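Reading through the structure tokens given below for one structure.
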Amino acid sequence: MNGLIKDLGLLINATLIATPPLLLAALGSCFSERCGVVNIGIEGMMTIGAFTGAVMGLTTGNGWIAFLCAGLAGALFGLIHAFVCISCHADQTIAGTAINFLGPGLALFLCKAMYNNSSDTPAMDPSCKLPKLFEGVFKTGSFWSNVLNVYAVAYLVFVLAFVCWFVFYKTKFGAHLRAVGEHPEACESLGIDVYKVRYICVILSGFFAGLGGAFVTLATINQFRPSVIVGQGFIAIAAVIFGKFSPEGATKACLLFGLCSGIKSLAAQSNVVSPNLISMIPYVVTIIALVLFVGKAHTPAANGKIFVKSK
């Protein structure tokens, strides 16, 4: 019985480590997709956030400052995507693909320039990373230690998900962003600044994606590597589709994918099944979810369509 409880605690711990980066990126994607701008550049934004978080963690020694700076780096990429797609009327899918090349490429270039041609940043001391809740309060290895002695962001991200839900459905701005994603021409005729709403949403998507990438380097591991995000941005986008483009749906989907990653982490320690097969679990579940639910999700009517402001 004690062994079962301990394993449950480890599974919850692994889920709370795997879910936050996915959920942060997915919440950002919700803002962009619901306002009518496709953003498949989440992966690139997460990568630049992961790099910025690691560099600022090493530079400032403060995990929170590094976390915020990573969000701002992602927001900058969100601004680039917004300008290209909204103001320049470029194809949103192509622009997002370019972001996915630009983010990792720029991160690798800067990393080699800053750290003696190394593709990895130096490892950070624990003091440079994000703080944990209840550190040292519970006995190491106990159920409560595994469940509660986790990084503060792992729980704060669920508060943020509630805040996003509130903004979407209980505020004037939320009503505008949802309307802009469905009928931008009608919104413009009512005096709503479509460009302004979309700019804010796409920049927010980059900010949240940057935070998601920073969680990986400031909590999950202690340095930046080129492969640090490994498809998590695309899983986050899948979670948004699976969750029907809503914050609450994306949260449930990310918990499911986070649980699968947690199972993968624990199964990898058993040495019973090939690690190569185990590593496929989150991606297989993602594909199955998309196959089963992508046709049932209501995509915003104006999503991906170019809107030109009338003179």
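The values are calculated or read from the model by the stated rules, or taken from the named source; none is laboratory data. All figures in this text were calculated on a predicted structure; none of them were measured in a lab. Because the Cβ atoms are built from the backbone with ideal geometry, glycine has one as well, and the counts that use them run over all protein chains shown.
Going through (1) at pLDDT 95 or above; (2) crowded, with 20+ Cβ neighbours inside 10 Å; (3) not aliphatic (A, V, I, L, M) one by one, Thr97 falls short only on (2).
With respect to the conditions (1) within 16 Å of Pro300 (Cα to Cα); (2) surrounded by fewer than 20 Cβ atoms within 10 Å (Cβ to Cβ), Val202 falls short on a single one, namely (2).
Looking across the range 81-111, the residues that are closer than 16 Å to Phe224 by Cα and of a type in the set (A, V, I, L, M) come down to Leu106, Ala107, Leu108, Leu110. In the range 282-311, the residues that are within 10 Å of Phe242 (Cβ to Cβ) reach residues that are modelled with pLDDT of 80 or more and in a loop (DSSP other than H, G, I, E, B) with C-beta atoms within less than 7 angstrom, at least six apart or across chains, in these pairs: Ala297/Lys244; Ala297/Phe245. Scanning the range 57-70 for residues that are surrounded by fewer than 24 Cβ atoms within 10 Å (Cβ to Cβ) and in a helix (DSSP H, G or I) yields Leu58, Thr59, Thr60, Trp64, Ile65, Leu68, Cys69.
Residue count for the range 202-242 under the criterion of being assigned to a helix (DSSP H, G or I), over 17 Å from Leu58 (Cα atoms), under 11 Å from the mean Cα position of the chain (by Cα) and not small (Gly, Ala, Ser): the result is 7.
Each residue in the range 28-56 was checked for being under 19 Å from Leu218 (Cβ atoms), over 11 Å from the mean Cα position of the chain (by Cα) and not hydroxyl-bearing (Ser, Thr, Tyr), and 6 pass. Within the range 122-137, residues that are within 15 Å of Ala214 (Cα to Cα) and of a type in the set (A, V, I, L, M) have Cβ atoms under 7 Å from residues that are in a loop (DSSP other than H, G, I, E, B) and at pLDDT 90 or above in these pairs: Ala123/Gln223; Met124/Gln223, counting only partners at least 6 apart in sequence or on another chain. Return the residues of the range 37-52 that are part of a helix (DSSP H, G or I) and within 21 Å of Ala239 (Cβ to Cβ); say none if nothing qualifies. Result: Ile42, Glu43, Gly44, Met45, Met46, Thr47, Ile48, Gly49, Ala50. Is there a residue in the range 12-22 that is surrounded by 24 or more Cβ atoms within 10 Å (Cβ to Cβ) and either in contact with a strand residue (DSSP E or B) (Cβ under 7 Å, 6 or more places away or on another chain) or among the small types (Gly, Ala, Ser) (or both)? Yes - at least one qualifying residue is present in the range 12-22.
For the range 143-201, the set of residues classified as over 21 Å from Val37 (Cβ atoms), among the aromatic types (Phe, Trp, Tyr) and either assigned to a helix (DSSP H, G or I) or without any contact (Cβ under 8 Å) to a residue 60 or more places away in the chain (or both) consists of Phe143, Trp144, Tyr155, Phe158, Phe162, Phe166, listed by residue number. Based on this model, can you work out whether Leu133 counts as at pLDDT 95 or above and either surrounded by fewer than 21 Cβ atoms within 10 Å (Cβ to Cβ) or over 18 Å from the mean Cα position of the chain (by Cα) (or both)? No; evaluated as a whole, the condition is false for this residue.
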